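First up is the structure itself, then whatever we jot down about it.
The values are calculated or read from the model by the stated rules, or taken from the named source; none is laboratory data. What you see is a predicted model; the values in this text were computed from it and never measured. Cβ coordinates were reconstructed from backbone atoms using ideal geometry, including for glycine residues, and neighbour counts include every protein chain displayed.
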Amino acid sequence: MIASTQLDSPEPRPASRTAAYKVAPALIFLVEDDFVLRSSLATVLQAEGYDVECAANALEALTRLERPPRPSLILLDIMLPYMDGLEFRGVQRSVPALADIPVIVITAVGVRPDIAAELDLRQAFFKPLERQKLLDAIKRHCAPSPF
């Protein structure tokens, strides 16, 4: 609710005295088959102010992407069951409504630079993950909620 002002007030109220509107936190979609890593990384990201949804494999992830809300960023493991992360990214990029969602890779195997460029992967992090470096990269692509 916006605070009411007196009709005879000569000056408008300063912005700091008006009602604040909350912005929804950025949604990070974590695609990781290792339950322990997926769970702990989701906890860290939520503590940083992000909304987090998870998928244990690429097929589950593609199904989830068919419905709103659209994630702000995808954290993607490369070695996944059924379809690897690079194949997932290829399919994701073939869908116009999903193609521009940025992807950061988390991997134990690495990604060749030419493949990373071809799939427009924003960055790759090797496991075990360096928490602060990963959080800094995520913040470059989507800011957490200030609330």
First in region 39-66 and under 19 Å from R89 (Cα atoms) and part of a helix (DSSP H, G or I), second anywhere and small (G, A, S) and at pLDDT 95 or above, Cβ under 6 Å, 6 or more apart: A61/A55; R64/A55
If a residue must be closer than 19 Å to I101 by Cβ and either buried (at least 21 other Cβ atoms within 10 Å of the Cβ) or not β-branched (V, I, T) (or both), how many such residues does region 22-47 contain? 13
Mind checking whether some residue in region 14-30 is modelled with pLDDT of 95 or more and either over 17 Å from D84 (Cα atoms) or assigned to a loop (DSSP other than H, G, I, E, B) (or both)? yes
Go through region 107-140 and give me each residue that's within 23 Å of P81 (Cα to Cα) and either among the basic types (K, R) or at pLDDT 95 or above (or both). R112, R122, K127
If I ask for residues that are touching a helix residue (DSSP H, G or I) at 6+ places or on another chain (Cβ under 7 Å), assigned to a strand (DSSP E or B) and over 17 Å from L62 (Cβ atoms), which ones from region 89-147 would you list? I104, Q123, A124, F125
